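**Student:** First, the structure itself, so that you have it in front of you.
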Amino acid sequence: MSKNNLVEKPDSPCLDPDLRSLLRRRVSLARDGFMSRCVDRVPTGWRPHLVCDLLPVPQVAESQWDHADCTSRALRAWHGVRDITGVAAAGRAVEAGLWAHLQSVINPETGLACVPEYSTRPAGPCYYHTWDQGRLFDYLVLRWAEIAQAPGEKAELLARIRRLQGGLSALSATAEQPDGTVARWWPAEVYYDTQPQPATASRGPHDFRGWCIGGSQFLPPQVRLAVLTGDPADLNLALEIARGFLAGYEHRRGSTAPMFAADGRFYGHFHGAVSGLDGVVQLACHLYHLGETVLATEWIELAVRVYRWIFDSARNVNPGSSCGCFPETARDEPHLTSELCCTADMIELAMHLAECAALHPRWAALADLWDDAERFLRNEVFKTQVTEVDRIAALAVRPPGMTPGEALATLRRQDGIWIFGRQFLHDLLKMQRPETLASVPWLVQGAAGEAGGATRLVPVLSSGGCCAYSGVRALHTVWRQAAVTVAPATVEMRIPISFDDGVLGVTPLPGETGLRIRSRGNRRLRLRLPRHVEHVAVDAPAAAANGSGDRRWLTLELAAGSDVAVTWQPREWTAVETFGPLNADGVVPGVAATERVRCTLHYRGAEVVRVEPENAAMPFARGL
């Protein structure tokens, strides 16, 4: 098989099924595809696209969030690409251009990123979205912590971060809570300088006043900054933001205060709520290590209740699924669409909650959430990436004036992109590979006046810079956290994956049937046995394998020259779920379009192999 085929068919069964190899191939596809092609040269550098629609009409278009939000996400993604591939040269011009453009929209006085189209600079006023500032904050902290090497650049970045903190503080409000602590929040989502934008006429489809919880995006980077600097002021600001987020609500989508009810219920924008909650969990873990165990325990337990509620179809009208579909909005009315940003957030939240298992025995069971993270990755992140654009080109509807060649060129710019999300159950059924669409009976609907009286239902495939770059974020999160060194001579493998640190080498066995482990020196390997495997066996000297007493963990004490095989079989299991609120489009025969559909998801190991709704059964889509 040629090297080109490795890229063109990244899920070919002839390839090594190792998760690490698959992550590298998928992120390389994104790097050489939309990350390099869905950007345009502008006078200030390179600007990514926020709107990227494949079907029914192929297009790429700009939005005001392409300035700070999307550009910051793109820069974070480029860092992930370099970390995963180890290739430093590819895409440097694009990355440098993105960084130049991002800097061009930052007001040097306030540190805030503005929307140039609606700002008058340098005199002002400047137009700011709070959501933009959160993504900017996230990238500046990442660049300061991991990318910048020269002392001068690191000092400049820290100064930028301090200006941004000051600019954000000027827009915020504070209040003393009943327990005497201070909560900080942001009263508006859009500002002209320091004043909330007045209730003037709408700015059109990209007017996001009252759209989301801006403060939710400030919390994760502020927590990371507090951990890295050890500055009490940074920790205090993180606590204020966390209290304000938890006590607050979202303006537009039916949210009520506090953000999360005692039983874990919440409403509003899922992406904003869950990413903010992930910041709360990270802060709680830091507090626990600092000895503030009472508050840390309270917040971790709250996050656990929220996590459970997300999947509880008895209490949640729009529950998430075990396969990684999550609602773009949480509310009491049916919401049809999942969002890949939400899947990336849930992978991060699952991993950070799983790390809480090491804090206290009461949370030992949370280690099982490593399996959730792997399942979300395999069944949603991998399956919603566009790997072969040419194969969907025939389904595209061209607008007047666009030639077939222009439509195909637009689509090819988007190779390797992640779609916005699925319509839950409906797209698990509908999103077959293009050549199978016409052969599935319930994908045909009557249409008067057409030959044969029927026409295919073509799924709408849309993407956006937020979700496209969240796909890279999800890949990078798993790459970083699947296996880590937790002590100088101890490696902890949370998700089965290849690993080599020069001393310890781990290679997955064919067919996801186990791991071969070799050690060139003394090493301890703590291997977590997934819930979705069975018939586990260890082929090793007795001294090399010890049960640790922890939940599902196997400890191997390896001496130089050790060669150990840990084998298992992927377990076949089912999950019966009600997800996706309604039988929209009537895709399940015999079930009314207004009814909810109860499904059986058939798994082999971590992968869904079949979805069985009422009165119908068909193979699960392999992806796009």
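The values are calculated or read from the model by the stated rules, or taken from the named source; none is laboratory data. No experiment lies behind these values; they were computed from the predicted model shown. Cβ coordinates were reconstructed from backbone atoms using ideal geometry, including for glycine residues, and neighbour counts include every protein chain displayed. Each accessible area value is taken on the protein alone, full model and side chains, heavy atoms only, with ligands, DNA and RNA left out. Shrake-Rupley method; radii C 1.70, N 1.55, O 1.52, S 1.80 Å.
**Student:** Here are the criteria: (1) surrounded by 13 or more Cβ atoms within 10 Å (Cβ to Cβ); (2) modelled with pLDDT under 90; (3) more than 20 Å from residue 249 (Cβ to Cβ). Tell me which single one residue 163 does not satisfy.
**Tutor:** Here residue 163 meets the rest and fails (2).
**Student:** If a residue must be modelled with pLDDT of 95 or more, hydroxyl-bearing (Ser, Thr, Tyr) and more than 18 Å from the chain's Cα centre (by Cα), how many such residues does segment 30-73 contain?
**Tutor:** 2
**Student:** Assess whether residue 244 counts as being within 18 Å of residue 166 (Cβ to Cβ), assigned to a helix (DSSP H, G or I), over 22 Å from the mean Cα position of the chain (by Cα) and modelled with pLDDT under 95.
**Tutor:** In short, yes.
**Student:** While we're looking at this one, here's another question. Among the listed residues 111, 97, which satisfies the condition of being open to solvent by less than 20 Å² (accessible area, probe 1.4 Å), out of contact with any Pro (no Cβ under 9 Å at 6 or more places or on another chain), in a loop (DSSP other than H, G, I, E, B) and not β-branched (Val, Ile, Thr)?
**Tutor:** 111
**Student:** What are the residues in segment 297-314 that are farther than 12 Å from residue 242 by Cα, out of contact with any Gly (no Cβ under 7 Å at 6 or more places or on another chain) and either of a type in the set (A, V, I, L, M) or not in a loop (DSSP other than H, G, I, E, B) (or both), if any?
**Tutor:** Selection gives 297, 298, 300, 301, 302, 303, 304, 307, 314.
One line per residue, one yes/no per condition, for (1) open to solvent by 40 Å² or more (accessible area, probe 1.4 Å); (2) at pLDDT 95 or above; (3) not aliphatic (A, V, I, L, M):
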| position | (1), (2), (3) |
| --- | --- |
| 523 | yes, no, yes |
| 553 | no, no, yes |
| 556 | no, no, no |
| 560 | yes, no, no |
| 584 | no, no, no |
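**Student:** Can you tell me how many residues within segment 383-398 are open to solvent by 10 Å² or more (accessible area, probe 1.4 Å) and closer than 24 Å to residue 607 by Cβ?
**Tutor:** Counting residues in segment 383-398 that are open to solvent by 10 Å² or more (accessible area, probe 1.4 Å) and closer than 24 Å to residue 607 by Cβ gives 4.
**Student:** Follow-up question, since we're still on this one. Under 8 Å by Cβ, and 6 or more places apart or on different chains, what pairs join a residue from segment 240-258 that is closer than 20 Å to residue 180 by Cα and open to solvent by 30 Å² or more (accessible area, probe 1.4 Å) with one that is among the hydrophobic types (A, V, I, L, M, F, W, C) and part of a loop (DSSP other than H, G, I, E, B)?
**Tutor:** 247/257; 247/259
**Student:** Out of 356, 325, 342, I need the residue that is farther than 29 Å from residue 297 by Cβ and either within 12 Å of the chain's Cα centre (by Cα) or not in a loop (DSSP other than H, G, I, E, B) (or both). Which one?
**Tutor:** One residue alone meets the criteria, 325.
**Student:** State whether one or more residues within segment 533-543 are farther than 30 Å from residue 316 by Cα, under 30 Å from the mean Cα position of the chain (by Cα) and either at pLDDT 65 or above or surrounded by 17 or more Cβ atoms within 10 Å (Cβ to Cβ) (or both).
**Tutor:** Within segment 533-543, one or more residues are farther than 30 Å from residue 316 by Cα, under 30 Å from the mean Cα position of the chain (by Cα) and either at pLDDT 65 or above or surrounded by 17 or more Cβ atoms within 10 Å (Cβ to Cβ) (or both).
**Student:** Taking residue 142 and the conditions (1) closer than 18 Å to residue 46 by Cβ; (2) touching a His at 6+ places or on another chain (Cβ under 8 Å); (3) of a type in the set (A, V, I, L, M); (4) surrounded by fewer than 21 Cβ atoms within 10 Å (Cβ to Cβ), which numbered condition does it fall short on, given that it satisfies the others?
**Tutor:** (1)
**Student:** In addition: Would you mind finding the one in 317, 294 that is in a loop (DSSP other than H, G, I, E, B), aliphatic (A, V, I, L, M) and over 19 Å from the mean Cα position of the chain (by Cα)?
**Tutor:** Of 317, 294, the one residue that is in a loop (DSSP other than H, G, I, E, B), aliphatic (A, V, I, L, M) and over 19 Å from the mean Cα position of the chain (by Cα) is 317.
**Student:** Answer yes or no: is there a residue in segment 140-152 that is under 20 Å from residue 189 (Cα atoms) and among the charged types (D, E, K, R).
**Tutor:** No, segment 140-152 contains no residue that is under 20 Å from residue 189 (Cα atoms) and among the charged types (D, E, K, R).
**Student:** Another question, if that's okay. Would you point out which residue out of 272, 276 is out of contact with any strand residue (DSSP E or B) (no Cβ under 7 Å at 6 or more places or on another chain), in a helix (DSSP H, G or I) and at pLDDT below 95?
**Tutor:** The match here is 272.
**Student:** Now, a different point. Find all pairs meeting these conditions: Cβ atoms under 9 angstrom apart; at least six residues apart or on different chains; first residue within segment 395-411 and within 15 Å of residue 61 (Cβ to Cβ); second residue of a type in the set (Lys, Arg).
**Tutor:** Listed by first residue and then by second, the contacts come to 406/398; 407/398.
**Student:** Okay, next question. Against the condition surrounded by fewer than 18 Cβ atoms within 10 Å (Cβ to Cβ), at pLDDT 95 or above and closer than 24 Å to residue 322 by Cα, how does residue 572 come out, does it pass?
**Tutor:** Answer is yes for this residue.
**Student:** Quick one: would you say residue 547 is surrounded by fewer than 18 Cβ atoms within 10 Å (Cβ to Cβ), over 22 Å from residue 481 (Cα atoms) and at pLDDT 90 or above?
**Tutor:** When the stated conditions are applied, residue 547 does not pass them.
**Student:** Something else about it: If I filter segment 404-417 down to residues being touching a helix residue (DSSP H, G or I) at 6+ places or on another chain (Cβ under 9 Å) and more than 15 Å from residue 460 (Cβ to Cβ), which single residue comes out as most open to solvent (accessible area, probe 1.4 Å)?
**Tutor:** The residue in question is 412.
**Student:** What number of residues within segment 506-523 are under 25 Å from residue 372 (Cα atoms) and either touching a Lys or Arg at 6+ places or on another chain (Cβ under 8 Å) or of a type outside the set (Asp, Glu) (or both)?
**Tutor:** Qualifying residue count for the region: 11.
**Student:** Could you tell me whether any residue of segment 8-23 is at pLDDT 90 or above, within 20 Å of the chain's Cα centre (by Cα) and within 18 Å of residue 415 (Cα to Cα)?
**Tutor:** Yes, the conditions are met somewhere in segment 8-23.
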